[in-house]
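What follows is a set of notes on a single structure, which appears directly below.
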Amino acid sequence: MPKTEPASRKSLYSVHPAVYMTMKWVAELKEKTGRSLEEWIAFCKKSGPPTEAARRDWLKKEHGLGTNASWWIAERVEGKGDDDDTPEKYLASADRYVEKMFTGPKSTLRPIYDALLELGLGIAEDVKACPCKTIVPLFRNYVIAQIKPATRSRIDVGLALGKHKGKLPARLIDTGGLAKRDRITHRLEITSLKDIDAEVKRWLKTAYDLDA
């Protein structure tokens, strides 16, 4: 798994592993495909189809690029997808992602989110929070949990408990993740600060320990 160390500026958040994957992809693109990212963008604008969806298919079928590369290049032609190109860009975006998640109708959930984030990061020194646009995953080596504003009145704490042996309490709701081979297999519903109790901390620690 790519590293998730924080970039140079002080932040509650750490760089998402996908950022390092993207950086590696960009660095190796010319060697692997014969064109750099900039050259692919210029080529698509000159010779490719006019829409992003058609461009993705064209890159895959006509030029043998993989699914991820086709999506990423097609997005870049549209001027999208470059917010997370560097650790610095990502961390600036991460703050915006969280602010946007908790504006408007979901703004009242922000104190609950802040408390859950503090709890998650306090589990151990190597826990990292790496926000996406709609969720905030918590990593050890892999994702161990995620914080998601599910409704205007509820945050779901998703947990990676696929390796847990034994009976789980009714409070832990099965997400269907185990059957779908997703990391997140169960969730806890949090509607108030009072819901963030010792049981929530215990299951966060369990998810952390299972990722040893």
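The values are calculated or read from the model by the stated rules, or taken from the named source; none is laboratory data. All figures in this text were calculated on a predicted structure; none of them were measured in a lab. Positions of Cβ are backbone-derived with ideal geometry, glycine not excepted, and every protein chain shown enters the neighbour counts.
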### Task
Please tell me if residue 117 is touching a helix residue (DSSP H, G or I) at 6+ places or on another chain (Cβ under 6 Å), in a helix (DSSP H, G or I) and modelled with pLDDT of 95 or more.
no
### Task
Report yes if residue 48 is touching a Lys or Arg at 6+ places or on another chain (Cβ under 8 Å) and over 20 Å from residue 16 (Cβ atoms), otherwise no.
yes
### Message
Take the conditions among the β-branched types (Val, Ile, Thr), in contact with a Pro (Cβ under 7 Å, 6 or more places away or on another chain) and either modelled with pLDDT of 95 or more or assigned to a loop (DSSP other than H, G, I, E, B) (or both) and apply them to residue 15. Does it pass?
### Response
yes
### Task
Run down 85, 57 and say which single residue is surrounded by fewer than 18 Cβ atoms within 10 Å (Cβ to Cβ) and either assigned to a helix (DSSP H, G or I) or touching a Leu at 6+ places or on another chain (Cβ under 9 Å) (or both).
57
#### Entry: All positions within the range 145-163 that are assigned to a loop (DSSP other than H, G, I, E, B) and touching a strand residue (DSSP E or B) at 6+ places or on another chain (Cβ under 7 Å)
150, 154, 160, 161
### Task
Scan the range 123-144 residue by residue and report those that are among the aromatic types (Phe, Trp, Tyr) and not in a strand (DSSP E or B).
142
### Task
Scan the range 198-212 for residues that are surrounded by 12 or more Cβ atoms within 10 Å (Cβ to Cβ) and not in a helix (DSSP H, G or I) and jot them down.
211
#### Entry: Odd one out for residue 92, checked against (1) small (Gly, Ala, Ser); (2) closer than 20 Å to residue 15 by Cβ; (3) more than 16 Å from the chain's Cα centre (by Cα)
(3)
### Message
Among the residues that make up the range 164-174, is at least one of them surrounded by fewer than 19 Cβ atoms within 10 Å (Cβ to Cβ), modelled with pLDDT under 95, outside any helix (DSSP H, G or I) and within 20 Å of the chain's Cα centre (by Cα)?
### Response
no
### Query
In this structure, does residue 106 turn out to be more than 25 Å from residue 87 (Cα to Cα) and in a helix (DSSP H, G or I)?
yes
### Task
Of the numbered conditions (1) surrounded by fewer than 17 Cβ atoms within 10 Å (Cβ to Cβ); (2) on the phi < 0 side of the Ramachandran plot, residue 184 fails exactly one; give the number of that condition.
(1)
### Task
Residue by residue through the range 196-208, note down the ones that are in contact (Cβ under 8 Å) with a residue 12 or more places away in the chain and over 19 Å from the mean Cα position of the chain (by Cα).
196, 199, 200, 201, 203, 205, 206
### Query
Restricting the search to the range 113-159, which residues are touching an Asp or Glu at 6+ places or on another chain (Cβ under 7 Å) and either under 17 Å from residue 187 (Cβ atoms) or of a type in the set (Phe, Trp, Tyr) (or both)?
142, 144, 148, 150, 154, 156
### Message
Take residue 80 and tell me if it is basic (Lys, Arg), at pLDDT below 95 and part of a loop (DSSP other than H, G, I, E, B).
### Response
yes
### Query
Somewhere in the range 63-70, is a residue within 20 Å of residue 130 (Cβ to Cβ) and either touching a residue at least 60 places away in the same chain (Cβ under 8 Å) or outside the structural domain of residue 141 (by TED's automatic domain parsing) (or both)?
yes
